[in-house]
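Notes follow the structure.
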Amino acid sequence: MVLQLITRNWHLKLLSLVFASLLWLFVTGEQRAEVGYSVPLELKNVPADLIVANEVPSLVNLRISGPRTLLSNLEASSLSLSVDLRGLEPGLTTFKRLDENLNIPSALKVVRLSPSYVEVKLERIREKTVPVSVVLTGDPLPGQKVLATLATPNRVKIRGAESEVKRIDHVETEPLDIAGIREDFIMTVPVNFRGTYTELSDQKTVEVEVHFVYEPPLEVEQPDDASEADAPVSSPPAVH
């Protein structure tokens, strides 16, 4: 019975074996090559209450070796790498063997990877309210002096990596040019804040009021030439 199963359609089985052997010989005996790729690196499943607070490369350079035919059919757009951050706590985590989840045929091998590992620093997300400082440039007309500036709202909320949020004690407006201005004015101005791992939470602009006061220049009294000419000139005492 077993013999009949083995010998049934033996010519088809033999033909399949021959084709498989030829294919194996073709792949293993084919000239090998090595090709370089720049593959995007994706950070997946960042915990909702954490933020990545360090520079992580967006591309990984790798070189793949294998049969030339397989390499020629490998499309760069189909390659991607990812790092899963699910369940991580705040701190620095090192990820090695980045090519483990690279989807390539088994006959192809990654022979070089740069960087060979990545470090991801996670920090807790914090919010903080800080005052807004108005920045002025230029000089008003002669005699005019800035009396006061007022930003509305005068405080805004920032949000980002805990360590950076702690260091920020204020934000500034975009420079407001008052050159040649003589009267009070109100203008909407963007808040000039570009944190590394921190951003404005909501308010992106403020309304700035600038008030001037007039201070006339001091007049320097000039001496009267005529009175100086009529003034008596004392003679030096006579020497006896």
Among the residues of the range 92-110, is there at least one that is touching a residue at least 40 places away in the same chain (Cβ under 8 Å), in a helix (DSSP H, G or I) and within 19 Å of Pro40 (Cα to Cα)? yes
Exactly one of these conditions fails for Thr94: (1) modelled with pLDDT of 95 or more; (2) surrounded by 13 or more Cβ atoms within 10 Å (Cβ to Cβ); (3) more than 30 Å from Val171 (Cα to Cα). Give me its number. (2)
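Yes/no per residue for (1) among the small types (Gly, Ala, Ser); (2) touching a Cys at 6+ places or on another chain (Cβ under 7 Å); (3) assigned by TED's automatic domain parsing to the domain that holds Phe193:
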site	(1), (2), (3)
Ser82	yes, no, no
Leu85	no, no, no
Val130	no, no, yes
Val134	no, no, yes
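Regarding Pro57, is this residue in contact with a strand residue (DSSP E or B) (Cβ under 9 Å, 6 or more places away or on another chain), modelled with pLDDT of 90 or more and not in a strand (DSSP E or B)? Steps first, answer last, please.
Values: in contact with a strand residue (DSSP E or B) (Cβ under 9 Å, 6 or more places away or on another chain): yes; modelled with pLDDT of 90 or more: yes; not in a strand (DSSP E or B): yes.
Judged against the criteria, Pro57 is a match.
Within the group Val208, Val213, which residue is touching a Lys or Arg at 6+ places or on another chain (Cβ under 7 Å), over 26 Å from Pro47 (Cα atoms) and either in a strand (DSSP E or B) or not assigned by TED's automatic domain parsing to the domain that holds Leu85 (or both)?
Numbers: Val208 fails: touching a Lys or Arg at 6+ places or on another chain (Cβ under 7 Å).
Result of the check over Val208, Val213: Val213.
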If Pro131 meets every condition in (1) buried (at least 16 other Cβ atoms within 10 Å of the Cβ); (2) closer than 30 Å to Ala53 by Cα apart from one, which number is that one? (1)
Only residues that are in contact with a Ser or Thr (Cβ under 9 Å, 6 or more places away or on another chain) and more than 21 Å from Glu164 (Cβ to Cβ): list them for the range 36-62, please. Val39, Pro40, Leu41, Glu42, Lys44, Leu59, Val60, Asn61, Leu62
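Given the criterion part of a helix (DSSP H, G or I), without any contact (Cβ under 8 Å) to a residue 60 or more places away in the chain and surrounded by 14 or more Cβ atoms within 10 Å (Cβ to Cβ), identify the matching residue among Leu62, Leu71. First the steps, then the outcome.
Numbers: Leu62 fails: part of a helix (DSSP H, G or I).
Being part of a helix (DSSP H, G or I), without any contact (Cβ under 8 Å) to a residue 60 or more places away in the chain and surrounded by 14 or more Cβ atoms within 10 Å (Cβ to Cβ) holds for just one of Leu62, Leu71, which is Leu71.
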Being surrounded by 11 or more Cβ atoms within 10 Å (Cβ to Cβ) and in a strand (DSSP E or B) is the filter here; which residues of the range 43-54 pass it? Leu43, Leu50, Ile51, Val52
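So that you can scan it fast, the table gives a plain yes or no per residue for (1) over 23 Å from Met187 (Cβ atoms); (2) not in a helix (DSSP H, G or I):
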| site | (1), (2) |
| --- | --- |
| Ile125 | yes, yes |
| Lys128 | yes, yes |
| Val132 | no, yes |
| Asp139 | no, yes |
| Pro142 | no, yes |
| Leu147 | no, yes |
| Leu150 | no, yes |
| Arg159 | yes, yes |
| Ser163 | yes, no |
Determine which single condition Gly87 fails, assuming it passes every other condition in (1) in a loop (DSSP other than H, G, I, E, B); (2) modelled with pLDDT under 90; (3) small (Gly, Ala, Ser). (2)
Please name all residue pairs, on different chains or six or more residues apart, with Cβ atoms under 7 Å, provided the first residue is in the range 154-167 and is closer than 11 Å to Ile51 by Cβ and the second residue is surrounded by 20 or more Cβ atoms within 10 Å (Cβ to Cβ) and among the hydroxyl-bearing types (Ser, Thr, Tyr). Arg159/Thr198; Gly160/Thr198; Ala161/Thr198; Glu164/Thr198; Val165/Thr198
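The values are calculated or read from the model by the stated rules, or taken from the named source; none is laboratory data. Bear in mind that the values here come from a model prediction, so they are computed numbers and not experimental data. Heads up, the Cβs are rebuilt from the backbone with ideal geometry, glycines too, and the neighbour counts pull from every protein chain shown.
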